């Protein structure tokens, strides 16, 4: 395997892990809030979270690029704080991926939170548990599996990203050239043997991950598949 | 809390550019040439060279949005000149490109509307612009209704022709060594390829530019299918 491909693998794993962790941190409170929310504001936010599912990645890439550029709002602030440009950096990829993979983490969690029986929470409250403790001792254990699913989907979807990464990351080996971009590069330069290896590897990874999730679901006798992403 | 610490750790260990890496943005036509030549520079100077390739227009767009390249090797003269003016420096020619037609025995195939043609996107790729000027010529007007397939850059145009069942392609000679019919150079704007230093503080970038302009490397560039700079 060429050093560029090894770089691309390291980079992709780093990007997907960072994105997944950030998504779990941000997505959990958001999903909890959404699961309790009725009315227009909740619907609007839910729609916003789901938009990356149906929006062409180029739309997101375009707006993010404008924001991340040195004269863009976010790019300027970033440069002032860190002293480094934001566009075409690893950090830019992380921000883009968090937005792009948000529905894949929030939706399974929200569905799980909605299924938590109200009377359980009321019982916990009667026993004197403050809201945070109710969440930790009742909701989290009941939704454990959905956390696993959300993390797996967030990770896998970030690995599968292409358009956004191409537009805000460029194609810099070792910095922003993730696997999907490396593959694109190889196909373009007619390195079909390498491209085949990479493409087959990605197919096996995605298939394997989903297989494990579905199999686990079946062995638990849970055929409701409540966590499947729905637009 | 543990999660937060883990994230901070991950971001810290996230791949940063190793010191001594030279980041070169290169127009797609010239990437294969550099890939073949870079080992020589890396050995001499001990710097790793990382190549990012796309069409000249796409790279320009990335650079003007803050992409962190040290050096830009374009496929035309205008784009690097524009960047050079912004940076109060100058651009320098490193090769002159040639356009060839592949997939036919004669340039008259360009007058055949039944033959599909692949070219690089004229909006972003100088070779695409040159190709568009060629097929606009009056002697090829009969071929106007042909199917035109645009690649994002010359490498993709080549790939579309090579694997996509497209009959013809107008490509840089360096991509298809020993193949194709040369297109007369006065049929399009000269394909003078200029380089510009983007990071004035980078000693390796300066060294790279000097190395690229050295007689040895210039001869290798000509062997790869380019002409000497005027």
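Restricting the search to region B:193-215, which residues are exposed (fewer than 15 other Cβ atoms within 10 Å of the Cβ) and assigned to a helix (DSSP H, G or I)? Spell out the reasoning first.
As a first pass, look at region B:193-215 and keep what is exposed (fewer than 15 other Cβ atoms within 10 Å of the Cβ): B:200-201, B:203, B:210, B:214-215.
Result: B:203, B:210, B:215.
Do you know which residues across region A:1-22 are more than 11 Å from chain B (Cβ to nearest Cβ) and buried (at least 17 other Cβ atoms within 10 Å of the Cβ)?
A:5
Exactly one condition in (1) assigned to a loop (DSSP other than H, G, I, E, B); (2) within 30 Å of residue B:44 (Cα to Cα); (3) away from every other protein chain (no Cβ under 14 Å) is not met by residue B:218; state its number.
So the condition that residue B:218 fails would be (1).
Going through A:149, A:159 one at a time, which residue ends up being over 30 Å from residue B:69 (Cβ atoms), surrounded by 15 or more Cβ atoms within 10 Å (Cβ to Cβ) and either more than 11 Å from chain B (Cβ to nearest Cβ) or in contact with a strand residue (DSSP E or B) (Cβ under 9 Å, 6 or more places away or on another chain) (or both)?
Values: A:159 fails: over 30 Å from residue B:69 (Cβ atoms).
A:149 is the lone residue from the list that is over 30 Å from residue B:69 (Cβ atoms), surrounded by 15 or more Cβ atoms within 10 Å (Cβ to Cβ) and either more than 11 Å from chain B (Cβ to nearest Cβ) or in contact with a strand residue (DSSP E or B) (Cβ under 9 Å, 6 or more places away or on another chain) (or both).
For the condition away from chain B (no Cβ under 14 Å), more than 18 Å from residue A:160 (Cβ to Cβ) and outside any loop (DSSP other than H, G, I, E, B), what is the one hit in A:74, A:45?
Every option except A:45 fails the conditions.
Condition test on residue B:84, is it at pLDDT 95 or above and either surrounded by fewer than 21 Cβ atoms within 10 Å (Cβ to Cβ) or touching a strand residue (DSSP E or B) at 6+ places or on another chain (Cβ under 7 Å) (or both)? Lay out the reasoning, then the answer.
Values: at pLDDT 95 or above: yes; either surrounded by fewer than 21 Cβ atoms within 10 Å (Cβ to Cβ) or touching a strand residue (DSSP E or B) at 6+ places or on another chain (Cβ under 7 Å) (or both): yes.
In short, yes.
One residue is enough: does region B:181-192 have a residue meeting the conditions closer than 20 Å to residue B:72 by Cα and not in a loop (DSSP other than H, G, I, E, B)? Talk me through it step by step, then tell me what you get.
Our first condition is that a residue be closer than 20 Å to residue B:72 by Cα; within region B:181-192, this holds for B:190-192.
When the remaining residues are screened for being not in a loop (DSSP other than H, G, I, E, B), the result is B:192.
Yes, the conditions are met somewhere in region B:181-192.
So that you can scan it fast, the table gives a plain yes or no per residue for (1) more than 12 Å from chain A (Cβ to nearest Cβ); (2) closer than 28 Å to residue B:122 by Cβ:
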residue: B:40; (1), (2): yes, no
residue: B:48; (1), (2): no, no
residue: B:51; (1), (2): no, yes
residue: B:56; (1), (2): yes, yes
residue: B:59; (1), (2): no, yes
residue: B:62; (1), (2): no, yes
residue: B:71; (1), (2): yes, yes
residue: B:78; (1), (2): yes, yes
residue: B:81; (1), (2): yes, yes
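Kindly check whether there is at least one residue in region A:163-177 that is in contact (Cβ under 8 Å) with a residue 24 or more places away in the chain, closer than 30 Å to residue A:67 by Cα, more than 14 Å from every other protein chain (Cβ to nearest Cβ) and part of a helix (DSSP H, G or I). Give the steps one after another, and end with the answer.
Start the filter on region A:163-177 by keeping residues that are in contact (Cβ under 8 Å) with a residue 24 or more places away in the chain, which leaves A:163-170, A:172-177.
Checking which are closer than 30 Å to residue A:67 by Cα leaves us with A:163-170, A:172-177.
Of the ones still in play, those that are also more than 14 Å from every other protein chain (Cβ to nearest Cβ) are A:164.
Going one step further and asking which of them are part of a helix (DSSP H, G or I), we end up with A:164.
Yes, some residue in region A:163-177 is in contact (Cβ under 8 Å) with a residue 24 or more places away in the chain, closer than 30 Å to residue A:67 by Cα, more than 14 Å from every other protein chain (Cβ to nearest Cβ) and part of a helix (DSSP H, G or I).
Give the residue that is farthest from residue A:53 (Cα to Cα), with candidates limited to residues of region A:129-153 that are outside any helix (DSSP H, G or I) and without any contact (Cβ under 8 Å) to a residue 24 or more places away in the chain. Full working, then the answer.
Just the residues of region A:129-153 that are outside any helix (DSSP H, G or I), to begin with: A:129-130, A:143.
Pick out the ones that are also without any contact (Cβ under 8 Å) to a residue 24 or more places away in the chain and you get A:129-130.
Working: A:129: 37, A:130: 35 Å.
Here the residue is A:129.
So which residues in region A:157-168 are more than 8 Å from the chain's Cα centre (by Cα) and within 13 Å of residue A:18 (Cα to Cα)?
Step one: of region A:157-168, the residues more than 8 Å from the chain's Cα centre (by Cα) are A:159-168.
A:159 - this is the single residue of region A:157-168 that is more than 8 Å from the chain's Cα centre (by Cα) and within 13 Å of residue A:18 (Cα to Cα).
Being surrounded by 15 or more Cβ atoms within 10 Å (Cβ to Cβ), closer than 24 Å to residue A:115 by Cβ and either more than 14 Å from every other protein chain (Cβ to nearest Cβ) or over 16 Å from the mean Cα position of the chain (by Cα) (or both) narrows it down to one of A:88, A:104, so name that one. Lay out the reasoning, then the answer.
On the way: A:88 fails: closer than 24 Å to residue A:115 by Cβ.
On inspection, the qualifying residue turns out to be A:104.
For the structure I just gave you, tell me whether residue A:182 is surrounded by fewer than 22 Cβ atoms within 10 Å (Cβ to Cβ), part of a helix (DSSP H, G or I) and within 14 Å of chain B (Cβ to nearest Cβ).
Details: surrounded by fewer than 22 Cβ atoms within 10 Å (Cβ to Cβ): no; part of a helix (DSSP H, G or I): yes; within 14 Å of chain B (Cβ to nearest Cβ): yes.
So residue A:182 fails the test.
The values are calculated or read from the model by the stated rules, or taken from the named source; none is laboratory data. Keep in mind it's a predicted model, so treat the numbers as computed, not measured. As a convention, Cβ positions derive from the backbone with ideal geometry for all residues, glycine included, and neighbour counts pool all protein chains shown.
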